[in-house]
Amino acid sequence: MSESPATAVLRPHAEDEYAHELAAIAAADDRPRPPGWKLSPWAVVRYLMGGTLADGTVVVPKYVGSRRLIEIATATLATDRAVLLLGVPGTAKTWVGEHLAAAISGDSTLLIQGTAGTTEETLRYGWNYARLLAEGPTPDALVPSPIHRGMARGAIVRVEELTRMPPEVQDALVTVLSEKVLPIPELDTELSAVQGFNLIATANDRDRGVNDMSSALRRRFNTVVLPLPATVEEEISIVSQRVAELGRALALPEVPAAADEIRRVVTIFRELRSGVTVDERTALKVPSGTLSTAEAISVITNGTALAAHFGDGTLGPVDVAAGIVGAVISDPIHDAVAWREYLEGVVRERPDWGEFYEACRDLDA
């Protein structure tokens, strides 16, 4: 029996998953829209920050944090400057970029993933070499990049992990962002960007393998720094929402929400990130990993799968223990020491954390 396309897609694009929200916002949006935009800047921010529309449509928050940051990013995209979303891993840079593109252009698929192996052709254009050999350089032999297609359509293009690309590859964007043209010397022509084109890049400066941006390229961006959640409650809210969404998308058997376990994971990650317990009485060794909100979401989702398939259907300390240990111990020497000290000095002493402590000790055995 064949599956329908809707059920076969593991992760729908933002514009597909939230199509009903975008349609409802567009119908109610009577504010000026920049050329090529599907929504006004005000409506784009409404889509990302969530709320209830006049017709009763509930818009789910896509970003939990400072509204002003989203307003700045959206306003920048309405100008001739690109946006650089900067932050440590797990601060929703990719998530925000995808939803900005979906709201502005109705298409979040124009994406380039930056790596150490990314070439200039990936950013500009390539060639169908069979046709190139047979016909020489012709428009039909050219293979457009996402940037090429975005410029031609007047759409938002996303570049993930910009600083993982070699500096000389990054600088291929300078002409595109400053002149809004893409030279194609092989055809003795250039592609001029249609109104609505702009670029959203993401970057972080915490991981290994990061290359600095040239000052010429950095000037073409307005940098918006996305911070980690400011409070425990804010982070718990993000984790709870995303775990529920992932559970539905992955068709995991329903497991009752375990607020205590989510709070435990978030508390552990925040304490180890900051190097001090919540009561500020005990200093802690900081592990080498980022222990981001995204990793907390992964730990809870994995624990939910364990509880559903191998447990009693209720998320408990045993289900999240392995995920936490795996997330904390990236470096088997330094991180193992930091985790052991935290386990014995903090976890062991906390009331009602005994089952979690024993589950972590069993993993070390």
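General remarks:
- Scanning segment 353-365 for residues that are in contact (Cβ under 8 Å) with a residue 24 or more places away in the chain, assigned to a helix (DSSP H, G or I) and surrounded by 15 or more Cβ atoms within 10 Å (Cβ to Cβ) yields Phe356, Ala359, Cys360.
- Which numbered condition Val83 fails, given (1) surrounded by fewer than 24 Cβ atoms within 10 Å (Cβ to Cβ); (2) at pLDDT 95 or above: (1)
- Matching residues, segment 44-65, being of a type outside the set (Val, Ile, Thr) and touching a Leu at 6+ places or on another chain (Cβ under 9 Å): Arg46, Tyr47, Leu48, Pro61, Lys62, Tyr63, Gly65
- Matching residues in segment 310-352 - criterion: being among the charged types (D, E, K, R), over 28 Å from the mean Cα position of the chain (by Cα) and either buried (at least 18 other Cβ atoms within 10 Å of the Cβ) or assigned to a helix (DSSP H, G or I) (or both): Arg340, Glu341, Glu344, Arg348, Glu349
- Test result for Thr277, more than 16 Å from Gly323 (Cα to Cα), β-branched (Val, Ile, Thr) and surrounded by 14 or more Cβ atoms within 10 Å (Cβ to Cβ): yes
- Residues of segment 208-239 classified as assigned to a loop (DSSP other than H, G, I, E, B) and closer than 14 Å to Ala294 by Cα, total: 4
- Of the residues contained in segment 64-74, none is found to be assigned to a strand (DSSP E or B), in contact (Cβ under 8 Å) with a residue 24 or more places away in the chain and farther than 29 Å from Val176 by Cβ.
- Selected residue (only one of Val194, Val174, Val157, Val181 is closer than 19 Å to Thr79 by Cβ and without any contact (Cβ under 8 Å) to a residue 40 or more places away in the chain): Val181
- All positions within segment 279-309 that are among the β-branched types (Val, Ile, Thr), in a loop (DSSP other than H, G, I, E, B) and at pLDDT 90 or above: Thr282, Val286
- Filter pass, Arg208 being modelled with pLDDT under 95 and touching a helix residue (DSSP H, G or I) at 6+ places or on another chain (Cβ under 9 Å): no
- Residue satisfying condition, being loosely packed, with under 12 Cβ neighbours inside 10 Å and either touching a residue at least 40 places away in the same chain (Cβ under 8 Å) or within 23 Å of Leu110 (Cβ to Cβ) (or both), within set Asp188, Asp205: Asp205
- Test for Gly196: is it surrounded by 13 or more Cβ atoms within 10 Å (Cβ to Cβ), part of a loop (DSSP other than H, G, I, E, B) and small (Gly, Ala, Ser): yes
- Qualifying residue in segment 228-238 (condition: without any contact (Cβ under 8 Å) to a residue 60 or more places away in the chain and surrounded by 13 or more Cβ atoms within 10 Å (Cβ to Cβ)): yes
- So Leu182, is it touching a His at 6+ places or on another chain (Cβ under 8 Å), assigned by TED's automatic domain parsing to the domain that holds Pro137 and either farther than 22 Å from Trp95 by Cα or crowded, with 16+ Cβ neighbours inside 10 Å (or both): yes
Results for (1) among the acidic types (Asp, Glu); (2) assigned by TED's automatic domain parsing to the domain that holds Ile236; (3) under 22 Å from Val255 (Cβ atoms); (4) in contact with a helix residue (DSSP H, G or I) (Cβ under 8 Å, 6 or more places away or on another chain), shown as yes or no for each residue.
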site	(1), (2), (3), (4)
Gly289	no, yes, no, yes
Ser292	no, yes, no, yes
Leu306	no, yes, yes, yes
Asp319	yes, yes, yes, yes
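- Residue satisfying all of: in segment 310-349; among the acidic types (Asp, Glu) and either at pLDDT below 90 or in contact with a strand residue (DSSP E or B) (Cβ under 6 Å, 6 or more places away or on another chain) (or both); nearest to Arg264 (Cα to Cα) among these: Asp312
The values are calculated or read from the model by the stated rules, or taken from the named source; none is laboratory data. In this text, all values refer to a predicted model and were calculated from it rather than measured experimentally. Positions of Cβ are generated from backbone atoms using ideal geometry, with glycine treated the same way; all protein chains shown enter the neighbour counts.
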